[in-house]
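S.K.: My questions all concern the structure below.
The values are calculated or read from the model by the stated rules, or taken from the named source; none is laboratory data. The shown structure was predicted, so the numbers you read here are calculated from the model rather than taken from an experiment. Methodologically, a virtual Cβ is constructed for each residue, glycine included, from the backbone with ideal geometry; neighbour enumeration extends over all protein chains shown. What goes into the accessible areas is simple: the full protein's heavy atoms, side chains included, and nothing from ligands, DNA or RNA. Shrake-Rupley method; radii C 1.70, N 1.55, O 1.52, S 1.80 Å.
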Amino acid sequence: MQNPVTVEVTRGAIVESRHRGMGVVVDGQGREVFAFGDSGSSIFPRSACKAMQALPLMESGAADAYGFGNKELAFACASHSGEDEHVAMAAAMLAKAGRDVSALECGAHWASDQPVLIHQARTLDKPTALHNNCSGKHSGFVCTCVHSGIELEGYVGYDHPLQAEIRGVMESLTGATLGHDNCGTDGCSIPTYAVPLKGLAHGFAKMLTGQGLEPARAKASRRLMEACMAEPFYVAGTDRACTRLMQVAPGKIFAKTGAEGVFIAALPEQGIAMAVKAEDGSTRAAEAMIFGLIARYFEKDSETQAKLMSMANRSMKNWNGIHVGDVRVTDALFA
């Protein structure tokens with residue numbers, strides 16, 4: 001199946017670039033509400049599935065033992081910008097478990113967000129693992145291991161007990177069988193697994209609604225998603241897509257991006273979750289798709305829908321502030 005063109009980029013009145021994509025919307029029972037493109041194909045969720053990977057932090061009792069609130073729980077699901085508040089939060093979470101930056105196995109990198117990068121370059125000799133966009137997730141991993149008495153060293157490895165537990169969690173939620181055959185290594189060094197796009201969306205629909213989950217997992221899932229919606233800055237950062245989405249309609253949109261053009265969202269009032277993948281891995285396309293797809297499920301002509309559509313269809317300006325073109329979603333998202 002050829003995926004449809006879902007996003008167009010114009011220069012003047014001419015379409016200069018086109019992005020193809022796939023997406024699916026499901027309810028808690030896994031019923032397909034809407035789909036476009038090859039929504040049954042397997043994709044690497046990358047960071048879009050971090051709330052799933054944070055469930056052992058909740059289910060082990062570590063989060064409660066260390067007194068974590070919404071900020072810490074949101075940060076455990078984060079792909080953050082490396083702002084000062086994010087770095088401080090990672091250090092504080094590790095300190096609760098009696099550990100420091102040396103426990104992290106995610107590696108270090110400079111921020112990808114330009115304003116944050118400039119700030120870092122002015123104030124740091126070099127970044128540490130605390131600045132890694134995945135340091136929140138990894139701090140959660142460290143806390144889970146320490147609280148549970150699991151050997152900490154090598155916690156990113158495929159055979160480590162924590163990663164085996166996460167693998168089981170993701171199998172249960174997505175319905176996919178996960179193993180070496182569909183495993184890759186993520187940017188932060190943990191295993192990442194290719195799962196059907198529909199299975200990914202269904203997993204988040206189950207986390208949202210609790211359908212098909214044991215009561216303890218349903219409660220843990222709800223707490224994580226509510227924490228993210230309450231503290232979107234700690235999920236992403238200043239002016240990031242996830243942050244802006246969850247601020248458009250507080251408590252009504254859960255959203256998480258992933259590398260290579262993946263984005264997921266869940267809408268509590270509608271009881272649905274969705275997942276999209278830009279075929280070419282473009283973040284520009286994935287963001288436009290998820291903005292437009294979410295807008296489809298808010299009241300027509302409402303202020304919220306209008307805001308979402310203005311995010312999906314945005315103008316582009318050059319360095320002199322002159323309007324040169326637009327990013328716009330196509331009818332494939334609304335057929």
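S.K.: In the list A63, A95, which residue meets the criterion of being closer than 22 Å to M246 by Cβ, of a type in the set (A, V, I, L, M) and either at pLDDT 95 or above or buried (at least 22 other Cβ atoms within 10 Å of the Cβ) (or both)?
M.R.: A63
S.K.: Cβ-Cβ distance below 6 Å, separation of 6 or more or different chains: which pairs start in the range 266-290 with a residue that is within 10 Å of H19 (Cβ to Cβ) and end on one that is acidic (D, E) and open to solvent by 50 Å² or more (accessible area, probe 1.4 Å)?
M.R.: Between residues of the range 266-290 that are within 10 Å of H19 (Cβ to Cβ) and residues that are acidic (D, E) and open to solvent by 50 Å² or more (accessible area, probe 1.4 Å), the close pairs are G281/E260.
For (1) within 20 Å of the chain's Cα centre (by Cα); (2) in a loop (DSSP other than H, G, I, E, B); (3) free of Cβ contacts under 8 Å to residues at least 12 places away in the same chain; (4) surrounded by 21 or more Cβ atoms within 10 Å (Cβ to Cβ), each residue gets a yes or a no:
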| residue | (1), (2), (3), (4) |
| --- | --- |
| E85 | yes, no, no, no |
| C106 | yes, yes, no, yes |
| P115 | no, no, no, no |
| G140 | yes, no, no, yes |
| C145 | no, no, no, yes |
| Y155 | no, yes, no, yes |
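S.K.: Okay, next question. Tell me whether the range 183-195 contains one or more residues that are over 26 Å from G37 (Cβ atoms) and in a helix (DSSP H, G or I).
M.R.: Scanning the range 183-195 turns up no residue that is over 26 Å from G37 (Cβ atoms) and in a helix (DSSP H, G or I).
S.K.: A further question follows. What number goes with the only condition from (1) of a type in the set (A, V, I, L, M); (2) crowded, with 24+ Cβ neighbours inside 10 Å; (3) part of a loop (DSSP other than H, G, I, E, B) that A51 does not pass?
M.R.: (3)
S.K.: Which of (1) open to solvent by less than 10 Å² (accessible area, probe 1.4 Å); (2) part of a helix (DSSP H, G or I) is the odd one out, the single condition A78 does not satisfy?
M.R.: It is condition (2) that A78 fails.
S.K.: So K300 ticks every box in (1) crowded, with 17+ Cβ neighbours inside 10 Å; (2) not in a helix (DSSP H, G or I) but one. Which box is left unticked?
M.R.: That leaves (1) as the condition not met.
S.K.: Identify the residue in the range 4-46 that is in a loop (DSSP other than H, G, I, E, B), open to solvent by 10 Å² or more (accessible area, probe 1.4 Å) and touching a Ser or Thr at 6+ places or on another chain (Cβ under 9 Å) and, among all such residues, is farthest from R314 (Cα to Cα).
M.R.: Q29
Here's the yes/no breakdown for (1) open to solvent by 10 Å² or more (accessible area, probe 1.4 Å); (2) part of a helix (DSSP H, G or I); (3) hydrophobic (A, V, I, L, M, F, W, C):
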position: L200; (1), (2), (3): no, yes, yes
position: G203; (1), (2), (3): no, yes, no
position: K206; (1), (2), (3): yes, yes, no
position: Q211; (1), (2), (3): yes, no, no
position: E226; (1), (2), (3): yes, yes, no
position: T238; (1), (2), (3): yes, no, no
position: M246; (1), (2), (3): no, yes, yes
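S.K.: Here's a check for you: in the range 277-296, which residue that is among the acidic types (D, E) and within 13 Å of N3 (Cα to Cα) is surrounded by the most Cβ atoms within 10 Å (Cβ to Cβ)?
M.R.: E279
S.K.: I would also like to ask the following. Evaluate the following for K219: is it more than 26 Å from E165 (Cβ to Cβ), surrounded by fewer than 20 Cβ atoms within 10 Å (Cβ to Cβ) and either over 15 Å from the mean Cα position of the chain (by Cα) or free of Cβ contacts under 8 Å to residues at least 12 places away in the same chain (or both)?
M.R.: No.
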